[in-house]
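Shown next, in structure tokens, is the structure this report addresses.
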Amino acid sequence: MKQLLEAIQKQALEKLEKISELRELEDLKVAYLGKKGELTQILKGMGSLSSEERPIIGQMANDVRVALEEGIAKAKERLTKALRDAKLKSEVLDVTMPGKVRGLGKKHPLTAVLDEIKDIFIGMGYEIAEGPEVELDYYSFEALNIPKNHPARDAQDTFYISENVVLRPHTSPVQVRYMKEHTPPIRIICPGRVYRSDAVDATHSPVFHQVEGLVVDKGVTMGDLVGTLQAFAKGIFGEKTKIRLRPHHFPFTEPSAEVDVSCWGCGGSGCRICKGEGWIEILGAGMVHPNVLRAGGIDPEIYSGFAFGMGVERITMGKYGIDDLRLLFENDIRFLMQF
Amino acid sequence: MKAPVKWLKDYVDISVPVKEYTEAMTMSGSKVEGVEDMGKGIEKVVVGKILSIEKHPDADKLRICKMDIGSETLQIVTGAPNVKEGDYIPLALVGAKLPGGEIKLSKLRGVESYGMMCSIDELNLTRDYLPDAPEYGVYVFSGTPELGADVKDVLDLDQVVEFEITSNRPDCLSIIGLARESAVTLGVPFKKPQVTVKEEAGGNANDYASVEIQAPELCARYAARIVKDVKIEPSPVWMQRRLAAAGMRPINNIVDITNYVMLEYGQPMHAFDLNKIQGSKIIVRTAREGEEIRTLDGQDRKLDTQMLVICDENRPVAVAGVMGGENSEITEGTHTILLESANFKGSSVRITGKKMGLRSEASSRFEKGLDTENVIPALNRCAELIELLGAGKVVRGIIDCNVKPYEKKVMKLEPERINAFLGTDISAQEMIKIFEALEFEVDKEAMTLVPPSFRGDILAFEDLCEEVARFYGYNNIKPSLLTGKETMRGGKTYKQRMEDVITNTMRGCGLNEIYTISFTSPKVFDTINVPADHSMRNAVVISNPLGEDYSIMRTTTLPDMLRVLATNSNRKVPEARLFELAYIYLPVEGQMLPDEKETLTIGLYGGTSDFFELKGIVEELLSSLGIEKAEFKAEQNAFGFHPGRTANLYIDGKMAGTLGEIHPEVAERTECPPRTYVAMLDVQILIDASRTDKQYKQLPRFPAITRDLAIVVRDELYVADLMKAIEQKGGEYLEEVKLFDVYKGAQVPEGMKSVAFSLSFRAPDKTLKDEEVTQAMDRILKNLEKTFGAQLR
Ligand SMILES: [Zn+2]
């Protein structure tokens, strides 16, 4: 009996070595350990053994069973791994093929730039104020220290709806409306569509976008204006950007300035973009004229403030190297997809 | 304002290079637009004298000249017909540079030529600058310039600086004004003009004519001088050249002198033929009803009672500050003139000029408001030049009618307050130095200032700050960031945040953002089939549009979206998914300003786009905005849209927009693809209905039971109505109803459709029993049978 058990163990283990499929393993398991399996049969025949032999052979038979089970488990692990490896091998992908995605839509470049501008000023504690595009002449001009028949009105090339209603030529009316409804401290930017009677060409459009800013508080200085514009220019054009203020005249600010930034093309050494100047004009600014503060119901003896305004198209074109303004309103998808 | 550098140098020493000068002027507020170098590109062109002329042996039209250039004699072959022995000619030597190219030693029909005689074209000059130049042929110098001298010196070829002068500084529309600014900018002395008038004719101007101002509110001062024995002839070359360099055409000595003084002093002048002034009386008044005048350009012009005119006893002889009249014009025969130097109200000149469509160097100066104290100095300069040029004899005295004498304005000088405003630390001495250089009268004891008369722009404290800042240097002001001020919260409003949600959702759905302009043409309403009497045609009309296509403010965004879709389709872009967030403008009865309604417009064609993709995008948006009470209803009459493939969106019973397929007729007319989809939604309604206050609901703890329900109903029934009916009878455990199939065709009778739903039931506190669900399904089915005649399939 002892020899028989040893033979079974040896034979079974040899077979296990050779097995290459899970199904065969299952068959082998049944053949040895199943109800009618060889080992089971032997254990059934143990009744005929003597009481001395029985525990010894019993122990031995148990050892064989454990050895077989371990062998089967090991073989199973081997086969499963082989199977998994084969499957993995069959599933190799060409990962260089393009990805599948519906694709996000794009922000229009003007929105992208407007969003950047808004973020910079919100970070400095500004609110975003809005107002009508079809606006009263009063808010568009008179409240901004440009009375009727003021020569500056000719230069504005304003679209009129009636004698007292215009398409706003700048977003400044929003500043006056805001001042009338709020008491200082005031920090706002006013983005929006504006209108001027310019025929469409590569650099002009009768409809375009501006962002203006207004700060009113006690003791606001021209230094604060310079610092704010510097922070903005660095925010939008990069840390290395420098600004330069040139004295200018606007009816609604005094002192007034035109503001240049160091050229984004060459950094200031002169190139085609800046026409060799090294500087590019991007905005107008100044200390709010006392008459404008008064029109907004604010006492210029107590408060001072600064204001600035910029064209969004110009900045957008500069930032992305767009050479024709018409592209912005034509909306060719191949253009829109680039941003 | 064009300022020839040599002219400026009459009044200020500009010793720095021009580039440095223009840079400094720009930074002190006189912006330089550009510098025109009249001698640019001209090198090695000298004065040569023709010693002899011989015929060319092999060419009829060529001649061989010997020319003396001082240092040597050269052989020159020329085709110019207008030269003779003894002429002085500009000669480009071998190696000379001209705007047209370089001059090389050449052979003309076998004869060598060591240079080229130049015409004014070759020197890039005009006959305005050199009026004695022939129309064809080479230029011949008048007089005897030094042989071998550089023609740039001989012809006074100057650099001309073009300044952009802001409207508040009419004093800088003059050589003297710019020289004054230059002096302060460069820190050098300003050479004040010194004028002497000899008044050789004697007599008394007041005996020749009189002046009366009847409209003192429009004319503050009117001064005149009389000049006798006038000889009308061309002005001297130096004057003609300066005028031409500054952009004015020389005419004759008298006109040129008045223009010269206008450019130099900034005070426009006018000369009348005194013999044509009836009654020898100048009356300054507004025009009378029905009066007319023929102006110097030969046009007959109707005058109105707002217009200021210069009249004699009987009739207008000039439109004040705008243009003179033909009836008082100086001509060849003129022998006595009345020189006008006056101050007219800017707005009056501006309006009159605008009405007449006339704008001149003179009127554009008057418009800005001039200095009444400049009237006499300019008149005297004019008289001086007349004497200098021998153009006539000046009568003694000035007729001066000064109805609104200049009053000095005393202002406080408050250095500390100026520093506090600018954020600077400039000493009082430095400020005083700036003001004195600018010709302010400074009282250091009383700390007061009186601005000079020509600085009408200096009115308030802030104006003084600007003067200090300009010359201290804007860019020397130390930047600060609202130091010490209260910090503020800032941020976006609820509306602005919801607009961001809308934009982000649209992009998430794969839509690209577009921008279209707000103007449109009234014709677009026909294009999209808007009925003739529809209120949408009532638009805000622009009174001065850039043509019909841009003549009204849009009342719908549909045509603009269709135009953009068509543009892309025409350019063979296979698929478009677009949106725009923009305003339409709806007039409101009894209101000055229209209602500006923000509109979200979505447009699709190509790819997977169909009605349900469009609707899916709208549903996604509603979900992003937390809007639950939304309903889509079929709409057969939305113009521009397909009658069977269009829905209106209702939120809380309010019509919030329209979405659907574009009507094939409209698609064809607008060149859009046949299957084009557009939605237009009212953003305000969306924002009003939006909810951001989300609340967590416990996750389900018990399993759901799902049942399918397939029924056959009449084709025209709406799925939404069926779903509503299912939800009504579903009981408390019905969690969700989903449509999963709609089928027409085999096994479904004609005019019917099979609709299949998947229903899921769940209880929050227990596992549902089968029979509970079965009961609910029976209720639902019975109701569908009863209400819609549905049959279980
Ligand atoms: Zn550059």
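How many of the residues in the range B:724-756 are out of contact with any Phe, Trp or Tyr (no Cβ under 7 Å at 6 or more places or on another chain), open to solvent by less than 40 Å² (accessible area, probe 1.4 Å) and part of a strand (DSSP E or B)? Here the count works out to 1.
If I ask for residues that are more than 9 Å from every other protein chain (Cβ to nearest Cβ) and without any contact (Cβ under 8 Å) to a residue 60 or more places away in the chain, which ones from the range A:319-337 would you list? A:G321, A:L327, A:F335, listed by residue number. Taken over the range A:251-267, the criterion of being of a type outside the set (S, T, Y) and either within 12 Å of the ligand (Cβ to nearest atom) or in a loop (DSSP other than H, G, I, E, B) (or both) is satisfied by A:P251, A:F252, A:D260, A:V261, A:C263, A:W264, A:G265, A:C266, A:G267.
Yes or no: the range B:594-607 includes at least one residue that is surrounded by 18 or more Cβ atoms within 10 Å (Cβ to Cβ), assigned to a helix (DSSP H, G or I), polar (S, T, N, Q) and within 14 Å of chain A (Cβ to nearest Cβ). No: zero hits. Among the candidates A:A285, A:A307, the residue that is crowded, with 21+ Cβ neighbours inside 10 Å, within 11 Å of chain B (Cβ to nearest Cβ) and modelled with pLDDT of 95 or more is uniquely A:A285. Need the failing condition index for B:A667 against (1) under 20 Å from B:I617 (Cβ atoms); (2) not in a helix (DSSP H, G or I), just the number. So B:A667 meets the others, but not (2). Quick one: would you say B:D721 is surrounded by fewer than 15 Cβ atoms within 10 Å (Cβ to Cβ), within 60 Å of the chain's Cα centre (by Cα) and among the acidic types (D, E)? Considered against the rule, which asks whether it is surrounded by fewer than 15 Cβ atoms within 10 Å (Cβ to Cβ), within 60 Å of the chain's Cα centre (by Cα) and among the acidic types (D, E), B:D721 comes out as yes.
Taken as a whole, the condition of being open to solvent by 30 Å² or more (accessible area, probe 1.4 Å), more than 13 Å from chain A (Cβ to nearest Cβ) and at pLDDT 95 or above does not apply to B:V450.
The set of residues in the range B:637-650 that are modelled with pLDDT of 95 or more and among the polar types (S, T, N, Q) comprises B:T646, B:N648. Note on the range A:277-290: residues that are in a loop (DSSP other than H, G, I, E, B) and within 8 Å of the ligand (Cβ to nearest atom) total 2. Cβ separations smaller than 8 Å between residues 6+ apart or across chains give the following pairs from the range A:251-275 residues that are open to solvent by less than 40 Å² (accessible area, probe 1.4 Å) and among the hydroxyl-bearing types (S, T, Y) to residues that are assigned to a loop (DSSP other than H, G, I, E, B) and within 16 Å of the ligand (Cβ to nearest atom): A:S262/A:K240; A:S262/A:T241; A:S262/A:K242; A:S262/A:G268; A:S262/A:G278. Of everything listed in (1) under 28 Å from B:R242 (Cα atoms); (2) within 49 Å of the chain's Cα centre (by Cα); (3) surrounded by fewer than 18 Cβ atoms within 10 Å (Cβ to Cβ), the single unmet condition for B:E146 is (2). Checking B:E467, B:E416 one by one, the residue that is more than 21 Å from B:V184 (Cα to Cα) and either within 14 Å of another protein chain (Cβ to nearest Cβ) or exposed (fewer than 14 other Cβ atoms within 10 Å of the Cβ) (or both) is B:E416 and no other. If you go through the range A:154-193 and keep only what is under 20 Å from B:Q496 (Cα atoms), buried (at least 18 other Cβ atoms within 10 Å of the Cβ), out of contact with any Leu (no Cβ under 8 Å at 6 or more places or on another chain) and more than 10 Å from chain B (Cβ to nearest Cβ), you end up with A:T171, A:V174, A:R177.
Among the strands (runs of 3 or more DSSP E) lying completely within the range B:84-139, list those that include at least 2 residues that are out of contact with any His (no Cβ under 9 Å at 6 or more places or on another chain) and not small (G, A, S). Correct list: B:88-98, B:115-117.
Just give me the residues in the range A:227-237 being more than 16 Å from the ligand (Cβ to nearest atom) and open to solvent by 10 Å² or more (accessible area, probe 1.4 Å), in sequence order.
Selection gives A:Q230, A:A231, A:K234, A:G235.
Reported count of residues in the range B:510-534, each being open to solvent by 20 Å² or more (accessible area, probe 1.4 Å), assigned to a loop (DSSP other than H, G, I, E, B) and not hydroxyl-bearing (S, T, Y), is 8.
Answer with yes or no whether A:K218 is open to solvent by 30 Å² or more (accessible area, probe 1.4 Å), among the basic types (K, R) and under 17 Å from B:L422 (Cβ atoms). Against the criterion (open to solvent by 30 Å² or more (accessible area, probe 1.4 Å), among the basic types (K, R) and under 17 Å from B:L422 (Cβ atoms)), A:K218 qualifies. The set of residues in the range A:79-117 being surrounded by 10 or more Cβ atoms within 10 Å (Cβ to Cβ), more than 14 Å from every other protein chain (Cβ to nearest Cβ) and β-branched (V, I, T) consists of A:T80 alone. The set of residues in the range B:273-318 that are assigned to a loop (DSSP other than H, G, I, E, B), polar (S, T, N, Q) and surrounded by 13 or more Cβ atoms within 10 Å (Cβ to Cβ) contains only B:Q299.
Condition check ((1) assigned by TED's automatic domain parsing to the domain that holds A:R177; (2) touching an Asp or Glu at 6+ places or on another chain (Cβ under 9 Å); (3) in a loop (DSSP other than H, G, I, E, B); (4) within 13 Å of the ligand (Cβ to nearest atom)) across all residues:
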site: A:H249; (1), (2), (3), (4): yes, yes, no, no
site: A:S269; (1), (2), (3), (4): yes, no, yes, yes
site: A:R272; (1), (2), (3), (4): yes, no, yes, yes
site: A:K275; (1), (2), (3), (4): yes, no, yes, yes
site: A:R294; (1), (2), (3), (4): yes, no, no, no
site: A:D299; (1), (2), (3), (4): yes, no, yes, no
site: A:I302; (1), (2), (3), (4): yes, no, yes, no
site: A:G305; (1), (2), (3), (4): yes, yes, no, no
site: A:F308; (1), (2), (3), (4): yes, yes, no, no
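Out of all the residues in the range A:238-247, is one or more open to solvent by 40 Å² or more (accessible area, probe 1.4 Å) and within 16 Å of the ligand (Cβ to nearest atom)? Checking the range A:238-247: at least one residue is open to solvent by 40 Å² or more (accessible area, probe 1.4 Å) and within 16 Å of the ligand (Cβ to nearest atom).
Inspect the range A:54-73 for any residue being surrounded by fewer than 18 Cβ atoms within 10 Å (Cβ to Cβ) and assigned to a loop (DSSP other than H, G, I, E, B) and give the result as yes or no. Looking through the range A:54-73, none of the residues is surrounded by fewer than 18 Cβ atoms within 10 Å (Cβ to Cβ) and assigned to a loop (DSSP other than H, G, I, E, B). Residue-level check: of (1) in a loop (DSSP other than H, G, I, E, B); (2) at the interface with another protein chain (Cβ under 7 Å from one of its Cβ atoms), B:T483 misses just (2). Within the range A:129-153, the set of residues being at the interface with chain B (Cβ under 8 Å from one of its Cβ atoms), free of Cβ contacts under 8 Å to residues at least 24 places away in the same chain and of a type outside the set (S, T, N, Q) comprises just one member, A:P151. On the stretch given as the range B:168-189, residues that are crowded, with 19+ Cβ neighbours inside 10 Å and not in a helix (DSSP H, G or I) total 4. Any residue at all in the range A:319-326 that is within 16 Å of the ligand (Cβ to nearest atom), open to solvent by 20 Å² or more (accessible area, probe 1.4 Å) and assigned to a strand (DSSP E or B)? No, the range A:319-326 contains no residue that is within 16 Å of the ligand (Cβ to nearest atom), open to solvent by 20 Å² or more (accessible area, probe 1.4 Å) and assigned to a strand (DSSP E or B).
The values are calculated or read from the model by the stated rules, or taken from the named source; none is laboratory data. What you see is a predicted model; the values in this text were computed from it and never measured. Ideal geometry is used to build each Cβ from the backbone, glycine not excepted, and the neighbour counts take in all protein chains shown. The protein model used for the area step is the full one, side chains on, heavy atoms only, and it has no ligands, DNA or RNA in it. Shrake-Rupley method; radii C 1.70, N 1.55, O 1.52, S 1.80 Å.
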